[in-house]
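Let me begin by presenting the structure, written as structure tokens, before commenting on it.
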Amino acid sequence: GAGVSQTPSNKVTEKGKYVELRCDPISGHTALYWYRQSLGQGPEFLIYFQGTGAADDSGLPNDRFFAVRPEGSVSTLKIQRTERGDSAVYLCASSLMGGADTQYFGPGTRLTVL
Amino acid sequence: AQSVAQPEDQVNVAEGNPLTVKCTYSVSGNPYLFWYVQYPNRGLQFLLKYITGDNLVKGSYGFEAEFNKSQTSFHLKKPSALVSDSALYFCAVYNYGQNFVFGPGTRLSVLP
């Protein structure tokens with residue numbers, strides 16, 4: 001079956017601009033996660049959705065970052081007033097029910113802020 | 001707070017030899033432990049996980065991992081390495097009420 005997909009695969013933007021990153025989880029998965037991976041590091045948790053609601057957004061670094069999942073499927077990560085330090089690969093993962101269920105990852109979106 | 005350590009940034013092994021990629025963790029309670037592999041320009045792929053029961057867990061592509069509670073370790077192993085196993089490997093830990101925490105990764109190079 002189809003895995004997790006993310007668009008775009010690459011995004012280059014200028015400092016101060018607004019960007020949206022999209023994630024399509026595996027069909028039927030209620031849990032969706034966003035991570036950020038900087039070069040040479042492991043994925044860093046940003047936010048977790050259970051259905052339509054953000055169950056845990058404690059990993060969002062500041063109020064420039066926001067994510068939605070209005071219908072409990074596709075999710076969008078939104079970054080306002082981008083900064084060069086936001087440059088990273090943003091990974092999305094989904095799991096069947098959350099908790100200790102195995103997370104399945106998308107290929108990621110590489111964001112470059114010039 | 002949970003944490004995961006992968007003490008080796010890089011592991012080199014000759015093709016056909018056994019490989020070990022080390023992982024130690026710190027978590028209160030009973031952990032759930034995972035290994036993922038990441039190939040260049042790809043997302044993380046699930047290899048195996050430990051939830052409970054047998055301490056030796058078998059996973060994809062001939063990999064296995066041994067949970068050692070007294071040493072708080074979950075080392076990844078394979079009896080005979082392939083060149084195609086060369087990739088970045090991540091250990092992760094989960095505990096109820098917390099989030100997945102990933103280690104920094106270990107780059108495995110299998111030399112022909």
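If we keep just the residues of region B:69-97 that are over 20 Å from B:L33 (Cα atoms) and among the small types (G, A, S), which is least open to solvent (accessible area, probe 1.4 Å)?
Just the residues of region B:69-97 that are over 20 Å from B:L33 (Cα atoms), to begin with: B:79-86.
Those left that are additionally among the small types (G, A, S): B:80-81, B:84, B:86.
Details: B:S80: 56, B:A81: 1, B:S84: 80, B:S86: 41 Å².
Restricting to residues being over 20 Å from B:L33 (Cα atoms) and among the small types (G, A, S), the top hit is B:A81.
With respect to the stated conditions, A:R84 fails to be farther than 30 Å from B:Q6 by Cα, touching a strand residue (DSSP E or B) at 6+ places or on another chain (Cβ under 9 Å) and of a type in the set (D, E, K, R).
Criterion first (farther than 21 Å from A:Q103 by Cα and either of a type in the set (A, V, I, L, M, F, W, C) or at pLDDT below 95 (or both)) does B:V110 satisfy it?
On the way: farther than 21 Å from A:Q103 by Cα: yes; either of a type in the set (A, V, I, L, M, F, W, C) or at pLDDT below 95 (or both): yes.
Here the answer is yes, as B:V110 does meet what is asked.
If the condition is being facing another protein chain (nearest Cβ under 9 Å) and out of contact with any strand residue (DSSP E or B) (no Cβ under 9 Å at 6 or more places or on another chain), then region A:26-54 contributes only A:G40. Of the candidates B:P104, B:P112, the single residue that is surrounded by fewer than 20 Cβ atoms within 10 Å (Cβ to Cβ), over 17 Å from B:S3 (Cα atoms) and not aromatic (F, W, Y) is B:P112. Among the residues of region B:45-64, those that are within 12 Å of the chain's Cα centre (by Cα) and more than 24 Å from B:G16 (Cα to Cα) comprise B:K49, B:Y50.
One line per residue, one yes/no per condition, for (1) open to solvent by less than 40 Å² (accessible area, probe 1.4 Å); (2) within 11 Å of chain A (Cβ to nearest Cβ); (3) over 19 Å from B:A87 (Cβ atoms):
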{"site": "B:P7", "(1), (2), (3)": "no, no, no"}
{"site": "B:Q10", "(1), (2), (3)": "no, no, no"}
{"site": "B:E15", "(1), (2), (3)": "no, no, no"}
{"site": "B:P18", "(1), (2), (3)": "no, no, no"}
{"site": "B:V21", "(1), (2), (3)": "yes, no, no"}
{"site": "B:T24", "(1), (2), (3)": "no, no, yes"}
{"site": "B:G29", "(1), (2), (3)": "no, no, yes"}
{"site": "B:L47", "(1), (2), (3)": "yes, yes, no"}
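Just to be sure before I move on: is A:Y18 within 14 Å of another protein chain (Cβ to nearest Cβ) and either open to solvent by 10 Å² or more (accessible area, probe 1.4 Å) or within 30 Å of B:Q10 (Cα to Cα) (or both) in the structure I sent? So that I can check it myself, show each step before the final result.
On the way: within 14 Å of another protein chain (Cβ to nearest Cβ): no; either open to solvent by 10 Å² or more (accessible area, probe 1.4 Å) or within 30 Å of B:Q10 (Cα to Cα) (or both): yes.
In short, no.
So A:R64 fits all but one of (1) buried (at least 17 other Cβ atoms within 10 Å of the Cβ); (2) touching a Lys or Arg at 6+ places or on another chain (Cβ under 7 Å); what number is the exception? Tallying (1) buried (at least 17 other Cβ atoms within 10 Å of the Cβ); (2) touching a Lys or Arg at 6+ places or on another chain (Cβ under 7 Å), A:R64 fails exactly one: (1). Inside region A:74-97, residues that are out of contact with any Leu (no Cβ under 9 Å at 6 or more places or on another chain) and of a type outside the set (A, V, I, L, M) make up a count of 4. Listed conditions (1) under 28 Å from B:Y39 (Cβ atoms); (2) exposed (fewer than 14 other Cβ atoms within 10 Å of the Cβ) are all met by A:E71, apart from (1). Taking each residue of region A:42-71 that is of a type in the set (F, W, Y) and looking for partners that are surrounded by 14 or more Cβ atoms within 10 Å (Cβ to Cβ) and in a loop (DSSP other than H, G, I, E, B) with beta-carbon atoms closer than 6 Å, six or more apart or interchain, yields A:F45/A:G59; A:F45/B:N99; A:F49/A:R69. Among strands (runs of 3 or more DSSP E) entirely within region A:44-114, having at least 1 residues that are modelled with pLDDT under 95 and either within 15 Å of A:K17 (Cα to Cα) or in contact with a helix residue (DSSP H, G or I) (Cβ under 8 Å, 6 or more places away or on another chain) (or both) singles out no element at all.
The values are calculated or read from the model by the stated rules, or taken from the named source; none is laboratory data. Only a predicted model underlies this, so the values are computations on that prediction, with no experimental measurement involved. Positions of Cβ are generated from backbone atoms using ideal geometry, with glycine treated the same way; all protein chains shown enter the neighbour counts. Please note that ligands, DNA and RNA were not included when accessible areas were found on the heavy atoms of the full protein model with its side chains. Shrake-Rupley method; radii C 1.70, N 1.55, O 1.52, S 1.80 Å.
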